[in-house]
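A short worksheet on the structure shown next.
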Amino acid sequence: MPHVELPRDILPSDGRFGCGPAKIRTEHIEALAGPGSVILGTSHRQRPVKDLVGRVRARMTDLFRAPAGYEVILGNGGSTAFWDAAAFGLIETRSQHLVFGEFGGKFAAAAKTPWLQPPDVREVAGGMRTAPEPVEGIDVYAWPHNETSTGVSAPVTRVDGDAGALTVIDATSAAGGIDFSIHEADVYYFAPQKNLGSDGGLWFALVSPAAVERIERIAASGRYIPEFLSLKNALDNSRLNQTLNTPALATLFLLNEQLAWISRNGGLQWADARTRESSRALYAWADATEFATPFVADPADRSQVVVTIDFEESVDAAAVAASLRANGIVDTEPYRKLGRNQLRVATFVSIDPEDVRQLIRCIDYTVERITV
Ligand SMILES: *Cc1c(COP(=O)(O)O)cnc(C)c1O
């Protein structure tokens, strides 16, 4: 298909607008090839890599302003592995899951196991949001802070359920881009290939003392838990700044750079303001543009880190995304299973708000020329 050639002066300085793996700052990639290269290809059981893991854990504690008693644990396999680890080692009897998109749904599916009671799943259509409801017998309340497949954000607010019930938040696309209070969560877990500007393959979790107690209790209960998915094993190893098996060292290095960069600029508040600025530009444009409408109807639910914009039938969003791609502006396609005439744009902290404004100019330029 012929594409619309974009003028150079409206091109963003970086064309990566995907929701993950997402833009990694060029400075950090250069640092990986420079100072970072000394750790690549070296033992993860030796001092330099353990120190790096220690720095990452300390910086996360700092970024999320975690109170005393909270710990940062990590393991291999990304957030998807964490779901299975949680089914084995965090959910005691029964969990409640808010499902307002693909990722929330995947954790709910992982919690359907022979050793747990069927989960209480609260599902709504894409673009909507649902809230947790205290129910007797539920010991884990789970939802995504940001549902990456739809661009819906949910507040992080502790559920006042049974004594000891844990609030467990999937922050994979939110962590490092949305401000919140960690006091409101027992487990705040994520992988670093989105706002945290690194590559995939690892999971991290901030865990409260109550969550630590839960992990230890289930591990001691005699329940069968595969070693690779054992949160107790992750907890013990993390305290020694290591992982059960080999972690991706480049991912750790890039993550540490990103955490340092956010911290130097003013921490989570700064990151929050920056993603807000970028997403506001897109929502304001969609509101003011004839052919575009924000997909998420309620402005309060609209994500500041993943913006989904529906197009009128007369404008083929897939053709627009393809044309942008031919100009080096990539990954503006919607989440594949959502199947909408839509663009989805990440406004993660690494993405310059000025680049988002340029992207808007590029979309307008393209649509004007593609439809006539
Ligand atoms: C990307 C994403 C995941 C999956 O992360 P992996 O590291 O690929 O397993 C889970 N939850 C949310 C909200 C995500 O955005």
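None of the figures in this text is laboratory data; all of them are computed from the coordinates on show. Treat the numbers as computed from the prediction; the structure is a model and nothing was measured. Positions of Cβ are generated from backbone atoms using ideal geometry, with glycine treated the same way; all protein chains shown enter the neighbour counts.
Key figures
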read-out	value
C-alpha center-to-center spacing [the range 36-63, the range 121-160] in angstrom	34 Å
Average Cα contact separation per residue, the range 313-352, under 8 Å, 6 or more apart, as relative contact order %	36 percent
FRET efficiency, R361 to A284 (Cβ-Cβ, R0 22 Å, nearest 0.05)	0.95
Percent RCO, i.e. relative contact order, over the range 249-339, from Cα pairs under 8 Å lying at least 6 residues apart	19 percent
Cα-based Lys pair tally, the chain, threshold under 22 Å, eight or more apart or on separate chains	7
The range 197-354, relative contact order [Cα under 8 Å, separation at least 6], %	19 percent
Part-to-part distance (alpha-carbon centres) for the range 284-333 and the range 83-116, which is given in Å	31 Å
Furthest towards positive pole of dipole, G126, F348, T289, structure part the chain, Cβ charges	F348
Theoretical gain in end-to-end length, R8 to T42 [0.36 nm per residue, Cα-Cα removed]	8.0 nm
Estimated 222 nm signal from helices in the chain, with DSSP H stretches of n ≥ 4 weighted -39500 (n - 2.57), rounded to 500	-11500 deg cm²/dmol
Share antiparallel - DSSP beta bridges, the range 142-209, percent rounded to 5	50 percent
Point-to-point label distance, E184-R264, nm (Cα→Cβ direction, 7 Å offset)	3.1 nm
Integer Hz, Karplus 6.51/-1.76/1.60 couplings in order for the range 352-362, x for Gly and Pro	5, x, 5, 5, 5, 5, 5, 4, 4, 4, 5
Degrees between helix 267-288 axis and first principal axis of the chain (Cα, 0 to 90, nearest 10)	40 degrees
Cβ charges +1 (Lys, Arg) and -1 (Asp, Glu), total dipole of the range 263-352, debye	440 debye
Most mobile listed residue (A154, A131, A22) in the chain, GNM with C-alpha springs under 10 Å	A131
